[in-house]
Amino acid sequence: MLPNRCQTALKEWAVTVDALGQGTQVLLMRKGGIHEEGKNFRVLYPEFLLYPTYEHQKLDLLKPSYQANLARTLAEPAPKDTITFSYWAKLAEVMEISQQEQVDRLSKHFIWTNAYAQSRLYWKPMLALSVMLLRVYRMEQPVTAPLLPEYPGCRSWVDILTDVPLGTLKPVLAEKEFQRRVDEVKGSLGLTVGAR
């Protein structure tokens, strides 16, 4: 059963949140933020809101076919005092990768350039890169909450001080299509796909 409220959010570029929300992408790759404890990323929660951020996203970090999506996002001024949540996600699986070849094989499954994805791998090279497979749901209505001083900064996880009502959640991809996409991601890494 899906929840009807949530207080935990994972920060990600607004253009990537949009790709997840449109079903274009089902994965995130993370290593950590400057202000994370120990500067390492850890999957702290299995379910969370997707918190769109506007810092650091640049056209040259996206594949050309997705640059227009960012241009549309950048055309509107970034909200200064509020944050709007439109999507909630459930973690399906986490895999760890540590080789450039693995990142390259995932290229068709994400909107970023290969060079940008590789830069995530090479930051703190002794640590593995977490690949999170997410089942994303559209909230019944977008919810706008105040942007509090403790939310900004280079950290992945944010505890939203007010419960965010989710309403009736609708998956952005049907179960069969989502599973097909997960199998493709895992297949790109040479992992065995479970029989169903």
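Read the figures in this text as sums done on the coordinates, not as results from a lab. Since this is a predicted model, take the numbers as computed values, not measurements. Don't worry about glycine lacking a Cβ; one is built from the backbone with ideal geometry, like all the others, and counts go over all protein chains shown.
Antiparallel beta bridges, as assigned by DSSP with both residues in the chain, represent about 85 percent of the total such bridges.
If R0 is 41 Å, the Cβ-Cβ spacing of Thr168 and Glu101 corresponds to a FRET efficiency of close to 0.45.
Among 23-30, 114-121, the peptide with the highest mean count of other Cβ atoms within 10 Å heads the list, and the full ranking is 23-30, 114-121. Extending 7 Å from Cα along the Cβ direction at Tyr45 and again at Glu76 yields two label points whose distance is 2.3 nm.
Using a cutoff of 8 angstrom between alpha carbon atoms and counting only pairs six or more residues apart, the relative contact order for the chain works out to 33 percent. Computed extension gain for Tyr54 through Glu150, at 0.36 nm per residue and net of the alpha carbon distance, reaches 32.9 nm. Each label point was placed 7 Å from the Cα along the Cα-to-Cβ direction; for Asp183 and Gln67 their separation is 3.6 nm. Computed log10 I(q)/I(0) for the stretch 5-188 at 0.10, 0.13, 0.15, 0.19 Å⁻¹: -0.37, -0.66, -0.90, -1.53, from the Debye equation with unit scatterers placed on every C-alpha and solvent omitted.
Here each label is just a point 7 Å from Cα along the line to Cβ, and for Ala92 and Thr113 those points are 2.9 nm apart. Less than 5 angstrom separates the built amide H of Leu62 from those of Thr113, all sequence-distant by 5 or more or on a different chain. Highest mobility in the GNM of the chain, judged by mean-square fluctuation with C-alpha springs under 10 Å and restricted to Ser98, Ser130, Ser156, is found for Ser98. The value of relative contact order for the stretch 1-101, using C-alpha pairs under 8 Å at least six residues apart, is 33 percent. When each of the peptides 175-184, 141-150 is scored by how many other beta carbons lie within 10 Å of its residues on average, the order from highest to lowest is 175-184, 141-150.
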